1. Enumerate the calculated ³J(HN,Hα) couplings along region 7-15 in order (Karplus 6.51 cos²θ - 1.76 cosθ + 1.60, θ = phi - 60°), each rounded to whole Hz, writing x wherever the residue is Gly or Pro.
2. Return the FRET efficiency for the residue pair Arg93, Thr3: r is the Cβ-Cβ distance, R0 is 35 Å, and the value is rounded to the nearest 0.05.
3. Give the Rg/Rh ratio for the chain, taking Rg as the radius of gyration of the Cα atoms and Rh as the Kirkwood radius, to two decimals.
4. Pairing the Cα long axis of helix 50-67 with the longest principal axis of the chain, what angle in degrees results, from 0 to 90 and rounded to the nearest 10?
5. Given R₀ = 41 Å, FRET efficiency for His14-Asn78 by Cβ-Cβ distance, to 0.05?
6. Between Ala22 and Ala109, what length comes free when the chain is fully extended (0.36 nm per residue of separation minus the Cα-Cα distance, one decimal in nm)?
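Where a number appears in this text, it was derived from the coordinates with a stated rule and is not lab data. Quantities reported herein were computed from a predicted structural model and do not represent experimental measurements. All Cβ positions, glycine included, derive from the backbone under ideal geometry; neighbour counts span all protein chains shown.
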Amino acid sequence: MVTTNELLQKRCRHLEDGLTEADIGAYLKAVEGWKLTDGKIAKTFSFGNYYETLAFVNAIAYMIHAEDHHPELLVTYNRCIVKFDTHSVNGGRGGISENDFICAAKVDAIRQQAAA
């Protein structure tokens with residue numbers, strides 16, 4: 001079983017094979033609060049105001065760029081919904097890959113560090 005610490009040590013790479021449903025279930029156990037929704041893993045992050053929300057988006061921007069794995073972000077006044085999927089897997093039809101979980105773990109780590 002994969003752990004959060006293992007995911008934090010990894011880097012995203014080009015993948016052509018998506019994860020199976022069983023694999024997705026195991027990976028979800030390593031990233032607390034993330035859910036499989038409409039073919040993407042997603043999590044809602046709540047904040048006190050718009051400034052804090054945008055600060056979070058800016059904080060994750062560097063990691064997202066460095067990993068070259070870009071989420072869908074829905075930004076509102078006091079929350080940000082982050083959704084990951086991998087477009088290159090399953091013959092270009094998309095799906096969930098390990099890259100999604102690597103970035104989810106790193107987004108969580110950034111949020112925990114900011115909250116400390």
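1. Each residue's phi maps through the Karplus curve to give 5, 5, 7, 8, 10, 5, 9, 5, 10 Hz.
2. Using R0 = 35 Å, I get an efficiency of 0.75.
3. 0.95
4. Between helix and principal axis, roughly 30 degrees.
5. Result of the calculation: an efficiency of 0.70.
6. 28.9 nm
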